[in-house]
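Below is one structure, written out as structure tokens; comments come after it.
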Amino acid sequence: MASSTPAPCPPKGQALLEAMRRHLFSSQAKSASLATTHDHYVCLSLAVRDILLTSWVDTVDTYTSQHVRTATYMSAEYLLGPHLENNLVSLGLREEARAACEALGLTLEEMLAEEPEPGLGNGGLGRLAACFQESMATLELPAIGYGIRYEFGIFRQQIGPTGQMESTDPWLARGNPWEVIRPEWSYPVVIGGQTVIGVAYDTPILGYGVHTANTLRLWSAQAPDAFDFASFNAGDYTRAVLHKVQSETLSKVLYPNDELEQGKRLRLSQQIFFVSCSLQDMFRILGSQGIPVTEFHRKFAVQLNDTHPAIAVAELMRLLIDEHGVDWDTAWSITTATISYTNHTLLPEALEAWGLELFQQLLPRQLQIIFEINARFLRTLRIRFPGQPDLLERLSLIEEGPHRKVRMAHLAVVGSHTVNGVAELHSRLLKENLFAEFAQVWPERFTNITNGVTPRRWLAVANPPLAELLNDAIGTDWCRHLDQLRKLEPLATDAAFLERWQGVREQAKERLAATIRQDTGVLVDPSSLFDVQVKRIHEYKRQHMAALQVVERYLRLRAGEDLPPRTVIFGGKAAPGYAMAKLIIRLIVGMAEIINIDPAMDGRLRVIFLPNFSVKLGQKIYPAVDLSEQISTAGMEASGTGNMKMSLNGALTIGTLDGANIEIRDRVGDDNFFLFGHTAEQLAAINRNGYHPMPWLENDALAKEAIDLIGSGHFSEGDRDLFHPLLANLCSSDPFRVMADLGDYRRAQNEVDGAWCDAGRWSMMSVLNTARCGFFSSDRSIQEYAERIWKVVPVPVNSCSVIPQSS
Ligand code: OAK
């Protein structure tokens, strides 16, 4: 707790302070003497919530009274991150809250640290959904986010000597001041003949500097009855609560797989559960506004965030036909005019396909509808493409064979008016590969919308010193119009500005160094080059290639080479069942243990694995990155969004021509980006000729030495077997083409070393990265969705409360 005498509170801070005191009594039922830090956090959050409630209620009133066209975003994941600071920034009240805390002998940082983050997502897809919600509100677009209120979010990761250890994430254990339960909006969903009830929990999503507060509506599963009285009276207590327990399992926990489909019964149940509740909610809204169901597509645009909600195609048909008496053809026109689908990966292991038996057991009526959709679809194909039964089989919604399956991506494409990829290259590859034949059938259906990130969370909240420098240098408009960052360009050669820029960067690096010390016990030098790769651990993202590079650097330093000091920082979770990803973590941890205590390194190399990468931790990391590692195998990373967050905060990228890296390089300029590696086309050509890593490895003495060192047990306490699966894979099939790119990666890393030695030039390149990254705002992405796909227009909310405009 702060002990110095607090400065006098400004008027709004005074109001917050009073509200905090009031909530301590009326919400927490405590006196000051018994209040914990968590109580104070809850009181501050409730005080902030009181302020934003006006906007929230006014927004709903405005949308309802004006019968506005509404975008609804359906996503199984929302990786939201903490709300408090984001809401304070959106309301322009961060400094007032700081003053209020200080008046109570607290610090704002203590309060922020108390907030558990809602980790209701795995990685890129879930975080994008969260950025999009915030941008929709900021752009004053009528929108609702629909998803699942998982009781346990993404697992917590601890790092021990054996690598990753998982534990549960009980983020709701102490309550959640940001949500409101709406028991009056609950809907039945029949799954496998049993009825489950979905209850709405609403969270306000504030726009920045506007009065719009949209709703994120997450469904929690409940049994229709607390228990079965017949069993209870017969003394069978377990049976009496069985259905309750089974039902509530539906929203219990987030599946921790990123881009890996496991085809589990519970997962399909989760999907129909949240999709059906959401669609029923839309019918309820329609009814409450007196709009006929045949106008569904005029009232709502429904965006599917990948195929997890693709069952919506069949469920909307079912609701229209069975519940609302609409005929098939009208229902189909409405459905396809309503739904659009975003694909987020080309990886085949992420493609959802549900076994027919399971589908039949759980969702017999929806399966019947899917068969009918398919029959009609194949009939039109047969007429357009006569005599091509193979084409029909390839495009069918049903995969034939001994285990017939429903192809959810095909259902999504057939049921949507628009299908988009998330970066230029990704959208092109979708049209050329995954959906090539669909693109021949419906070329006009496919488009691209490049991803973006919200500058509020990823700059204003995460990096206040940089935000302040920007405000001084180019005004405050950048936060709503990120293109304004262009105004920084002339300052990239201004010595006084560069000095301030350097100061901001040093602050961020010192802050991260303190976190590293706290979380890992390792001391790092904030003046060393911070080389960072944080993202889910996956072989296609090639953390093992970065690890090999670190081993090579270690060998070169030991051999007496003079290289500038580097701190190589890794972070990210591995899916609990993904053995190779866990082994990669184990390797990094083993390397860190040896390298960080080797006196021969003389402080010139540190390796860090930061445990439990999350939105909160990301906010500390992104501002402190000098070198952003975006090194996926070309053609495999759909877009990436960490690449945008780092570049926006002034990092330089070392990267392949993959995903949005290509567009980042196009914008920041090839002089300000370290490019390496084969292109997707080159890799395709190599693959056609039959790839083998050995020829690449045989010509590369340093790579061989690094692999041998790992194989010798140097990083595994003498255990020569531990990393065998990883090394054998690299040397035999090398599915992610590490060996083909390793030499060029080394060349680019050497260029980085050279560039880092010219501090002035590096700073200039850093400024240019920020200056030219305005395109990658999620406001721009959402503007494109709204104009090109949803046809939804802004509806400003007038409110009597005043919102200050500053970041
Ligand atoms: C997760 C599960 C299934 C399918 C895709 C994902 C996913 O997270 N994909 C990621 O989506 C991000 C947002 O579009 C992209 O930036 C990442 O490149 C992509 O891997």
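Here, each number is a calculation from the coordinates, and none is a lab measurement. All values reported here derive from a predicted model rather than from experimental measurement. In this analysis, Cβ positions are derived from the backbone assuming ideal geometry, glycine residues included, and neighbour counts consider all displayed protein chains.
Karplus-derived 3J(HN,Hα) values for the range 727-735, using 6.51 cos²θ - 1.76 cosθ + 1.60 with θ = phi - 60°, are 5, 4, 5, 4, 8, 9, 9, 6, x Hz; glycine and proline are entered as x.
First check a/c for the range 110-256, with a ≥ b ≥ c the square roots of the eigenvalues of its C-alpha gyration tensor; if it is under 1.5, answer rounded, and if not, answer prolate when a/b is larger than b/c or oblate otherwise. Cα axes put the range 110-256 in the oblate bin. If the cut-off is 14 Å between C-alpha atoms, which aspartates and glutamates fall inside it for LYS541, apart from same-chain ones fewer than 8 positions away? Excluding near neighbours in sequence, the set is ASP258, GLU259, GLU629, GLU637, ASP658, ASP734, ASP741. To the nearest 0.05, how large is the calculated FRET efficiency for ASP322 and GLU489 if R₀ is 56 Å and r is the Cβ-Cβ distance? After rounding, the FRET efficiency stands at 0.40.
Between ILE181 and THR679, what FRET efficiency comes out of the Förster formula 1/(1 + (r/R0)^6) with R0 = 60 Å and r the beta carbon distance, rounded to 0.05? It comes to 0.70. Rounded to 0.05, the FRET efficiency of the ALA436 and GLN361 pair, given R0 = 41 Å and the Cβ-Cβ distance, is 0.75. In terms of overall dimensions, the C-alpha atoms belonging to the range 630-680 reach 26, 21, 14 Å along their principal axes, ordered largest to smallest. Label the range 250-401 by shape, choosing from rounded, prolate and oblate, from the square roots a ≥ b ≥ c of the eigenvalues of the Cα gyration tensor; if a/c is under 1.5 it is rounded, and otherwise prolate applies when a/b is larger than b/c, oblate when it is not. Oblate is the answer for the range 250-401, as a/c is 1.5 or above yet b/c matches or exceeds a/b. Seen from TYR187, the other residues with C-beta closer than 15 Å to its C-beta sum to a net charge of -1, counting Lys and Arg as +1 and Asp and Glu as -1.
Summarising the label geometry, the points placed 7 Å from Cα in the beta-carbon direction at LYS244 and LEU53 lie 3.0 nm from one another. Along the axis of the charge dipole computed for the range 391-477 (Cβ charges of +1 for Lys and Arg, -1 for Asp and Glu, origin at the Cα centre), the listed residues VAL406, LEU434, VAL422 are led at the positive end by VAL406. Amide H contacts of ILE148: TRP219, each under 5 Å away and 5 or more positions distant or on a separate chain (H built 1.01 Å from N in the peptide plane; Pro and chain starts excluded).
Just from its helices, what would the mean residue ellipticity at 222 nm be for the chain, if runs of 4 or more DSSP H residues each count -39500 (n - 2.57) and the sum is divided by every residue, rounded to the nearest 500 deg cm²/dmol?
-14000 deg cm²/dmol
Per residue, the average separation of C-alpha pairs within less than 8 Å and at least 6 apart gives the chain a relative contact order of 14 percent. The order of LEU411, LEU319, going from fewest to most other C-beta atoms within 10 Å of their C-beta, is LEU319, LEU411. Ranked by the mean number of other Cβ atoms within 10 Å per residue, highest first, peptides 244-257, 391-404 order as 244-257, 391-404.
What size of dipole, in debye to the nearest 20, comes out for the chain about its Cα centre when the only charges are +1 on Lys and Arg C-beta atoms and -1 on Asp and Glu C-beta atoms?
Computed charge dipole of the chain: roughly 1000 debye.
Pairs from the table (LYS264/LYS431; LYS535/LYS573; LYS252/LYS405; LYS252/LYS535; LYS582/LYS616) lying more than 19 angstrom apart at Cα are LYS264/LYS431; LYS252/LYS405; LYS252/LYS535; LYS582/LYS616. What residues of the range 677-708 lie in the reach of a label at MET580, counting those whose backbone N is under 16 Å from a point 7 Å from the Cα along Cα→Cβ? Within reach of a label on MET580, which here means backbone N under 16 Å from a point 7 Å along Cα→Cβ, the range 677-708 contributes 691-694. Cβ crowding within 10 Å, taken as a proxy for footprinting-reagent exposure, orders ILE664, ILE181, ILE197, ILE585 from fewest neighbours to most as ILE181, ILE197, ILE585, ILE664. Cβ under 13 Å from GLU489's Cβ, GLU489 left aside: what net charge do those residues give with Lys, Arg +1 and Asp, Glu -1? Result for the local shell: +2. For the range 505-773, the fraction of alpha-carbon pairs lying more than 23 Å apart is 50 percent, rounded to a whole number. Each Cα pair of the chain feeds into the Kirkwood radius, which the Stokes-Einstein equation turns, at 4 °C and 1.567 mPa s, into a diffusion coefficient of 46 µm²/s.
For the range 692-791, the spherically averaged projection of the C-alpha convex hull amounts to 11.2 nm².
Here, P(r) means the percent of Cα pairs in each 10 Å bin from 0 to the largest distance; for the range 93-161 it is 15, 28, 33, 22, 2. Under 16 Å from a point 7 Å along the Cα-to-Cβ line of ASP666: which residues of the range 628-642 have their amide N that close? Only 635, 638-640 fall inside the zone, counting backbone N under 16 Å. In terms of its C-alpha gyration tensor, the range 621-745 has an oblate overall shape, because the principal axis ratio a/c (a ≥ b ≥ c, square roots of the eigenvalues) is not below 1.5 and a/b does not outweigh b/c.
Normalising the average separation of contacting C-alpha pairs (under 8 angstrom, six or more residues apart) by the number of residues puts the relative contact order of the range 505-773 at 21 percent. Measuring how big the range 234-330 is from its alpha-carbon positions, Rg and Dmax come out at 17.1, 54 Å. Once Rh is set to the Kirkwood radius over Cα pairs, what Stokes-Einstein translational diffusion coefficient, in µm²/s, holds for the range 688-738 at a temperature of 37 °C and a viscosity of 0.692 mPa s? Translational diffusion coefficient: 283 µm²/s. Among beta bridges identified by DSSP and lying wholly in the range 70-166, the antiparallel ones come to about 60 percent. Label-to-label distance for THR37 and THR515 is 1.7 nm, based on points extended 7 Å past Cα in the beta-carbon direction. Potential lengthening of the chain between GLU393 and GLN194 amounts to 68.3 nm, from the contour at 0.36 nm per residue minus the alpha-carbon distance.
Between PHE229 and ARG788, the contour length at 0.36 nm per residue exceeds the Cα-Cα span by 195.8 nm.
Modelled spin labels at ARG22 and GLU110, positioned 7 Å past Cα toward Cβ, are 2.4 nm from each other. Across all directions, the average projected area of the convex hull around the alpha carbons of the range 174-294 is 11.9 nm².
Would you kindly state how much longer the chain becomes between GLU717 and HIS692 on full extension, computed as 0.36 nm times their sequence separation minus their alpha carbon distance, in nm to one decimal?
Going from the current span to full extension adds 5.9 nm.
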